[in-house]
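The values are calculated or read from the model by the stated rules, or taken from the named source; none is laboratory data. Keep in mind it's a predicted model, so treat the numbers as computed, not measured. Neighbour counts are summed over all protein chains in view; Cβ atoms, including those assigned to glycine, are modelled from backbone coordinates with ideal geometry.
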Amino acid sequence: MTTARDLLVVVIDTRSGTSVEPGDLSLALAGAELIDLIDAGAADLGGDRVVVQAPGQAAEPAPEPATGDPLLRQAASSLVRQEPHEPVEDWLWRRGRDLVAAYLAELGTTGSAASRWRSRKPSLSIDPSALADSPARRHANDRWAAHEPVLAALAAAAGVAAADGGDPGDGDPGNGPGGHDELADLGDDRVVTVLAAVNEAVVELAGVRQRRAVEAAAFDNIWRAV
């Protein structure tokens with residue numbers, strides 16, 4: 001099971017008291033995919049840009065991720081291979097578009113749940129009974145219960161409360177679960193860069209939602225005054 005699938009399982013299984021925004025979760029899923037691609041050697045970072053070949057291996061083709069996961073293979077095939085390479089945040093926005101619906105369909109929760117995500121409802125709680133019990137599901141929940149730093153940070157970005165019931169964080173990868181102290185133990189600055197980009201994109205998206213809400217309220221007030 002990939003980190004993105006683990007993240008979606010966590011979102012579904014911790015739905016009580018938690019409401020996630022589809023856009024936030026899509027950005028976090030895209031970040032999870034990129035982290036797995038980096039770990040598999042299918043992608044690398046050059047500063048804040050996603051590169052396909054690791055330094056010194058430009059003449060060699062990037063390896064395919066060692067996984068049977070179709071969505072992760074799709075993510076690998078969509079990597080920009082030409083210079084200038086794509087910034088991490090641009091990858092998140094491009095790859096994240098409607099990514100929640102794609103993962104719900106792969107998990108078998110098609111029907112009304114997936115269609116409601118595609119219709120871009122502001123938030124959605126999915127009944128955990130929609131997800132079959134399996135070793136992969138238990139593995140995801142074990143990672144969550146163990147406060148695995150990467151999964152915790154991605155879940156916090158998506159708006160999922162911490163496994164201990166605490167605050168999911170404030171959009172800063174240094175605060176809340178999976179903060180700088182925990183992530184420093186990973187020994188990979190590339191992962192920290194991706195997580196920071198996810199949080200920045202989520203904050204930007206929240207700003208867009210807030211502006212649209214203000215504009216809609218102002219428009220309503222104008223019509224009331226007519």
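Okay, here's what the table says:
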item	result
Any hit, the range 92-102, residues being modelled with pLDDT of 80 or more, over 21 Å from residue 6 (Cα atoms), surrounded by 15 or more Cβ atoms within 10 Å (Cβ to Cβ) and under 18 Å from the mean Cα position of the chain (by Cα)	no
Pair list, Cβ < 9 Å and 6+ apart or interchain, from the range 15-26 residues that are farther than 14 Å from residue 98 by Cα and of a type in the set (A, V, I, L, M, F, W, C) to residues that are outside any helix (DSSP H, G or I) and at pLDDT 85 or above	20/159; 20/160
Residue that is nearest to residue 141 (Cα to Cα) [pool: residues in the range 1-42 that are outside any loop (DSSP other than H, G, I, E, B) and of a type in the set (Ser, Thr, Tyr)]	3
Residue in the range 65-82 that is at pLDDT 80 or above and in contact with a strand residue (DSSP E or B) (Cβ under 8 Å, 6 or more places away or on another chain) present	yes
Residue 62 being modelled with pLDDT under 90, touching a strand residue (DSSP E or B) at 6+ places or on another chain (Cβ under 9 Å) and either part of a helix (DSSP H, G or I) or surrounded by 14 or more Cβ atoms within 10 Å (Cβ to Cβ) (or both)	yes
